[in-house]
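The values are calculated or read from the model by the stated rules, or taken from the named source; none is laboratory data. Only a predicted model underlies this, so the values are computations on that prediction, with no experimental measurement involved. Cβ coordinates were reconstructed from backbone atoms using ideal geometry, including for glycine residues, and neighbour counts include every protein chain displayed.
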Amino acid sequence: MQGKTRMSDKPRNQMPLFVQERQSSLAGVLTTSIKTPPADPLKPMEKLGLCVLGSGSGGNAAVLRLGDSALLIDAGFGPRTTDKRLTQAGLSIKDIHAVCLTHLDQDHFRRTWPGTLLKWGIPLYLHDWHYPDLMRIPGGAELRDAGLARSFQFQPFVPMPGVRASTVRLQHDKQGTIGYRLDTHAGSVGYATDLGHAPPALVQHMAGVDLLCIECNYDEHMTTTSPRPSWVNRRNMSDSGHLSNEQSLEAVRMIADASPVGLPRDVVLLHRSSQCNHPMKVRRVFERDADLAGRITLTDQRRRTRWLHIKPAKPSKRDQRRLEFS
Ligand SMILES: [Zn+2]
């Protein structure tokens, strides 16, 4: 593809973290200073952390911090909301080294982002399948021309220093989504959302991650009895739609079974439907498994999670027994 920029492009200059007071004028969209003090920064000794800035059908974004670098996974809130939530977490958009997209639906990439990415020189990583669609979005061609639209196929790449990204294809609508595994010297993260089912490739790809973020979209009964049009329900419940609570639990169990250390230390549940799911429904499903119950974090559309400090997973008692007798 002409003019397309690949991973060999030089990384952008690193900018300082923990900017607590600053004038915000991000691509002209923010004109007032953000005064909210960082409420919950990752402690300096905690090298690797993840904070989900929000998740649901109205927007999705998470930030991974490794040392002095920060990586955004999806950009489904506008720059103003994202910056506000980053500030609460002790970061700002200026600290974002790169953005990795799962796909281009508006709840994963707000169309207001290209100007901000251009202003701060933040590269956007996306799969080859999604690249033509980016070019149809206002500002997409400008990102390409600035060398900031960086597409990949399935080769691993380094979106920021110290992070190796490897990807897996997931089925969702026509274009599919990308599941990320992000490996660092301090631990590893898996991120999979908007997938109609959990294929064996996903299970193998995510086996052994220390922190797993996975979609937990709908409760089956609430969906089938909801007033939504039946075609919406059929799409969401299809193999190209979303994972139900039960399917999400099953996927986590399969990933744990394929891992030498069993369950991830933390399991973060993404993209809960506000109409067809409820936090209590999710908890009821996941608390069936005593080992898993204490490891889950529910995300919310309207607020960010706390920082989850990522450490290498230790085998649970159940997994220790499995390893001892295997
Ligand atoms: Zn979505």
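Observations on the structure shown:
- Members of the range 183-209 that are under 16 Å from Val63 (Cα atoms) and surrounded by 19 or more Cβ atoms within 10 Å (Cβ to Cβ): Thr184, Gly187, Ser188, Val189, Gly190, Tyr191, Ala192, Thr193
- Qualifying residue in the range 212-221 (condition: over 22 Å from Lys311 (Cα atoms), touching a residue at least 40 places away in the same chain (Cβ under 8 Å) and aromatic (Phe, Trp, Tyr)): yes
- Failed item in (1) closer than 22 Å to Asp257 by Cα; (2) in contact with a Lys or Arg (Cβ under 7 Å, 6 or more places away or on another chain); (3) not small (Gly, Ala, Ser), with Pro199 passing the rest: (2)
- Residue within the range 255-272 that is in a loop (DSSP other than H, G, I, E, B), on the phi > 0 side of the Ramachandran plot and of a type outside the set (S, T, N, Q) present: yes
- The set of residues in the range 109-128 that are over 17 Å from Phe157 (Cα atoms), within 16 Å of the ligand (Cβ to nearest atom) and in contact with a helix residue (DSSP H, G or I) (Cβ under 7 Å, 6 or more places away or on another chain) contains only Trp113.
- Residues that are of a type in the set (Gly, Ala, Ser), touching a helix residue (DSSP H, G or I) at 6+ places or on another chain (Cβ under 8 Å) and more than 16 Å from the ligand (Cβ to nearest atom) within the range 70-108 comprise Ala70, Ser92, listed in sequence order.
- The residues of the range 174-209 that are within 13 Å of the ligand (Cβ to nearest atom) and acidic (Asp, Glu) amount to a single one, Asp194.
- Set side by side, the residues Tyr218, Tyr180 differ, and just one is more than 14 Å from Ser273 (Cβ to Cβ) and surrounded by 17 or more Cβ atoms within 10 Å (Cβ to Cβ), which is Tyr180.
- Strands (runs of 3 or more DSSP E) wholly inside the range 136-232 that include at least 3 residues being touching a helix residue (DSSP H, G or I) at 6+ places or on another chain (Cβ under 9 Å) and acidic (Asp, Glu): none
- Meets criteria (on the phi > 0 side of the Ramachandran plot, within 16 Å of the ligand (Cβ to nearest atom) and of a type outside the set (Asp, Glu)) for Gly56: yes
- Which numbered condition Ala62 fails, given (1) within 16 Å of the ligand (Cβ to nearest atom); (2) assigned to a loop (DSSP other than H, G, I, E, B); (3) within 20 Å of Arg303 (Cα to Cα): (2)
- Test for His205: is it within 16 Å of the chain's Cα centre (by Cα) and in contact (Cβ under 8 Å) with a residue 12 or more places away in the chain: yes
- Candidate set from the range 84-133 (those that are part of a helix (DSSP H, G or I) and closer than 19 Å to Gln171 by Cα); member that is nearest to the chain's Cα centre (by Cα): His130
- Residues that are modelled with pLDDT under 95 and not polar (S, T, N, Q) within the range 171-182 comprise His172, Asp173, Lys174, Gly176, listed in sequence order.
- Filtered residue count, the range 279-292, keeping only those that are surrounded by fewer than 16 Cβ atoms within 10 Å (Cβ to Cβ) and within 23 Å of Gly208 (Cβ to Cβ): 2
Residue by residue, here is whether (1) away from the ligand (no atom under 16 Å from the Cβ); (2) closer than 18 Å to Tyr180 by Cβ; (3) exposed (fewer than 15 other Cβ atoms within 10 Å of the Cβ) holds:
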| position | (1), (2), (3) |
| --- | --- |
| Leu211 | yes, yes, no |
| Ser226 | yes, no, no |
| Val232 | no, no, yes |
| Glu246 | yes, no, yes |
| His271 | no, yes, no |
| Ser274 | no, no, yes |
| Asn277 | no, no, no |
| Gly294 | yes, no, yes |
| Thr305 | yes, yes, no |
